[in-house]
1. Scan segment A:348-412 for GluC sites (Glu not before Pro) in coil per DSSP, keeping those whose Cβ has at most 15 other Cβ atoms within 10 Å, and list them by number.
2. Straight-line reach from residue B:68: which lysines have a Cα under 24 Å away, not including same-chain ones fewer than 8 places off?
3. Counting Lys and Arg as +1 and Asp and Glu as -1, each charge on the Cβ, what is the dipole of segment A:369-447 about the Cα centre in debye, to the nearest 20?
4. State whether chain A is rounded, prolate or oblate according to the following rule on the C-alpha gyration tensor (a ≥ b ≥ c being the square roots of its eigenvalues): a/c under 1.5 gives rounded; otherwise a/b larger than b/c gives prolate, and the remaining case gives oblate.
5. Provide the packing ranking of A:70-82, B:136-148, i.e. peptides ordered by the mean count of other C-beta atoms within 10 Å per residue, highest first.
6. Which FRET efficiency, nearest 0.05, do residue B:193 and residue B:66 yield, Cβ-Cβ r, R0 41 Å?
7. Let a ≥ b ≥ c be the square roots of the eigenvalues of the Cα gyration tensor of segment A:10-140; is it rounded (a/c under 1.5), or, if not, prolate (a/b larger than b/c) or oblate?
8. Report the Cα centroid-to-centroid distance between segment B:58-96 and segment A:295-373 in angstrom, as an integer.
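Any read-out appearing in this document is the output of simple, stated calculations on the displayed coordinates, not a laboratory observation. Computed from a prediction, not measured in an experiment: that's the story for all the values here. Cβ coordinates were reconstructed from backbone atoms using ideal geometry, including for glycine residues, and neighbour counts include every protein chain displayed.
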Amino acid sequence: MFVKKSFSGGVEVPHFKNTENIQTEKIGVPDEVIIPMQQHSGAPCKPTVKEGEPVKVGQVIGISESFISAPIHSSVSGTVADISSMIFPDGRYVATVVIKADGKQDIHEDVKPPICTNKEEFIEAVKNSGLVGLGGAGFPAHVKLNPPKDKNIDTLIINAAECEPFITSDYREIMENSADIMDGIDAVTKFIGVSNVIIGIEDNKPEAISLLKKLAAGKKGIDVKALRTRYPQGAEKMLIYALTGRKVPPGKLPMDVGVIVMNITSVGFVGRYLKDGMPLIKKRVTVDGSAVNRPSNVEALIGTKLSDVFDFCGGFKTEPFKIIMGGPMMGIAQYTLDAPVMKYTNALLAFDKTFGNVPPETACIRCGRCYRACPVNLMPLHINRAALVEDMDALHKYHTMDCIECGCCAYSCPARIPLVQSIRLGKTLIKKAQAKAKKDESQKDVKS
Amino acid sequence: MENNLHVSSSPHIRAETNTRDIMLDVIIALVPASVMGVYFFGYRALLVILVTVLAAVLAEYLAAIVLKRKQTIGDLSAVVTGLLLALNFPPSIPFWIAIVGAFIAIMLVKQLFGGIGQNFMNPALAARVILLISWPVQMTRWVWPDGVSSATPLVILKRGLMAQAPGYLDLFLGNVAGCIGETSAAALLIGGIYLVVKKVIGMETPLAFIGTVGLFTWIFAGGSLFTGDFLYHILAGGLILGAFFMATDYSTTPVTRRGKIIFGIGCGILASVIRLYTDYPEGVSFAIILMNVATQLIDRFTVPRSFGGEKNAA
Ligand code: SF4
Ligand code: SF4
């Protein structure tokens, strides 16, 4: 019998997959798009266009010299109206290109199917496509697909777990674009040279599972595995463990245990890109939440303002109290509806006050629920205290840096303590201390 | 409108259970034992329970005023403390001692150390022990509703009067002398299982505690090794009440699984040693309190390793 392996801890979250059977609708070309030069983890891009310059769909408008980065393309044809900095929810300022769309959507001449005959060309093509991890992390895909020589990669894992409540954009990718997904998998396995592919998907999506199983049946080496539905099943480390039994040690990457993980929408994009050469300029986004009039799945051009997206979905039925980009467990609360859809945006949620308000914090009762819920086996109650009193020894002792910020601890805390917030604070304290130690070290110029 | 958008750290949704729900579950779990106590020991037991609970809530209320803290009687933790304390009283306890006990538990042991989650000794148990030392006679006189006084099963055992000892069935149901809430193993087990099913407590501590007492008394309590009447030791006295409801107190016991097992085993050994080798017939309260003091130490040495990680040098 097939026994479902799983991580310990985690939480049962309500599914709220209200939009799973809603076909993706295209939002038209907005009047203007707002395109930040950083939509990935790694180095930000520098704009390659100037104010007043005409641009076309698919044209590169930002690049970076850094290895860990991904180029940025225009999602519309029109004119660059403004280049300025925009403040991100995390407080960073990022250069941002604003483009007035002319509505014609003329395609740039560079947009053509890439020629890939070997691994190098394939990696280059993926890089040029601007692809980043579309599951929400936004890590440049070409970096992931090109691990150092000494890493022996034997397995490609396709992440279709989609364990966050509300989000159904990956599910719709499977139901609507399964052929592209299979083409993408074929390309990655062929060029990267992995023979073993596992598609991991939570068992609350039976239709997608049977569809994928049917498509995989004709191919060698592709395994579709149903996973226990439990948050955070889609977290990379938990997923790898559930599918292969391998544990990625703290501070290590999937490639250290011979695995590359790609989100299912990312791999579908690769399949499409190899056929039409259109870089990453649009994204499927689940729009839902208690304040949204018409919960939907939409395809939006990157840079479309959130207000345009919500307008397309019938606007708000009650005043939105909180707007979240991403899921309710890990998503980021937005300051403004002028923020744009980004490459890695998979959901936009609008909550009214009743749904979005977190009850006030009370005293920790040491119930241990946070520890039981933590898939990484941390003790959030102690990290919380250590972060608030800046007890550096305790922050290290309780492995603060190993936290994956999944939110299970704070979700299950009966005292409603914002544990993830203080854990992030603890991480910042550690990073600051490390940076300072490094500086002191180099100033003293002592032996290494 | 946009400036009204609320921004806070993820996660943006929370589970429904709050502190009050947990306390309410503990109260529900103690209902069967309380009912059995009242059934066997009469309406006076009911009065003791009511007086003690009310005194505990009043003490919590006053403590918040005196210490200028936020009012916390709404979280029901004071009710739990009062109820546990009452269940640890003999039915014939003078009311004024019960009230003094409730104030000691809440004001001295709980609030002076910082309130819920901060105190290092179980308030109900610490108060019980203080009362035992201060008023030993009133705290250990067992009188049935008909006025007949008798010895508790563990005292009978201590004095070697096994001919008078109650049978297992009476012990199991609770038809023996003892504290209001400790005599009915059956009722306590129902409540304990309820807490385990509702995930308010884990099985680690009760199993480790009761298992250790069973093993220890089986080996050492008989005339020769491995002949002890372990079932009698498990059913008699406050072991089941202590193991399920006191040794699982969040504030005063370890958080980690390993810590809970160590705590339970420690309690079991201490309780058995006290029962077998000292003048005290009962050792559960003392054992838990002693282990409460060791909790910080246990916590310090049982930091779990991260997923996929190496063991951290303690
Ligand atoms: S879940 Fe909340 S109340 Fe319980 S131990 Fe953790 S931080 Fe404390
Ligand atoms: S401590 Fe970090 S990894 Fe553990 S539950 Fe909390 S957010 Fe998730």
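1. A:361, A:390
2. Reachable lysines: B:110.
3. 80
4. Working: a/c = 1.26, a/b = 1.19, b/c = 1.06.
Rounded, because the longest to shortest axis ratio a/c is under 1.5.
5. In descending order of packing, they fall as A:70-82, B:136-148.
6. E(calc), rounded to 0.05, equals 0.55.
7. On the way: a/c = 1.34, a/b = 1.20, b/c = 1.12.
Rounded shape, in that the Cα axes give a/c under 1.5.
8. 42
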